[in-house]
Amino acid sequence: QVQLVESGGGSVQAGESLRLSCAPSGSISGIEIMGWYRQAPGKQHELVAIITSSGSTNYADSVQGRFTISGDNAESTVYLQMNNLKPEDTAVYYCNMHCSGYDCETFDGHDYWGQGTQVTVSS
């Protein structure tokens, strides 16, 4: 069973930066969308950023202009560069990779998830 592994989390002060990385523990094929989600204590799980296999990206309004998502389809790796971090960014960040169709291990669609990496931003 292939799982995603996140790294790069940590504790920083407001205004500093972190770069998160996520890669699968094994081979994955047919990934169409890669993204990052987060869940802060007492808050709802939310989408942070996504990137498609064609390079199209989308960001949550709260991180627009500060975070940059990038990916390497060949290595099935996704990154999240987080600049000018704010205390409100404190959360567990989860990596996600989605596939569907013939190249996916499940034709109807499948989501791979990581265990999460903690990001703590102090004011």
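Values quoted throughout were computed directly from the atomic coordinates according to the rules given, and no laboratory measurement underlies them. Since this is a predicted model, take the numbers as computed values, not measurements. Here the Cβ is made from the backbone with ideal geometry for all residues, glycine too, and neighbour counts use every protein chain on show.
Evaluating 6.51 cos²θ - 1.76 cosθ + 1.60 at θ = phi - 60° for every residue in region 30-45, the Karplus couplings come out as x, 5, 10, 9, 10, x, 10, 10, 8, 9, 8, x, x, 10, 6, 4 Hz, glycine and proline recorded as x. Couplings 3J(HN,Hα) for region 3-19, derived from phi with the Karplus relation 6.51 cos²θ - 1.76 cosθ + 1.60 (θ = phi - 60°), are 10, 8, 10, 9, 8, x, x, x, 10, 9, 8, 3, x, 8, 10, 9, 10 Hz, where x marks Gly and Pro. A Cβ-based charge dipole, computed about the Cα centre of region 18-123 with Lys and Arg at +1 and Asp and Glu at -1, lands at about 500 debye. Considering only chymotrypsin sites (Phe, Trp or Tyr not before Pro) in DSSP loops that have at most 16 other Cβ atoms within 10 Å, the longest stretch of the chain without any of them is 1-101.
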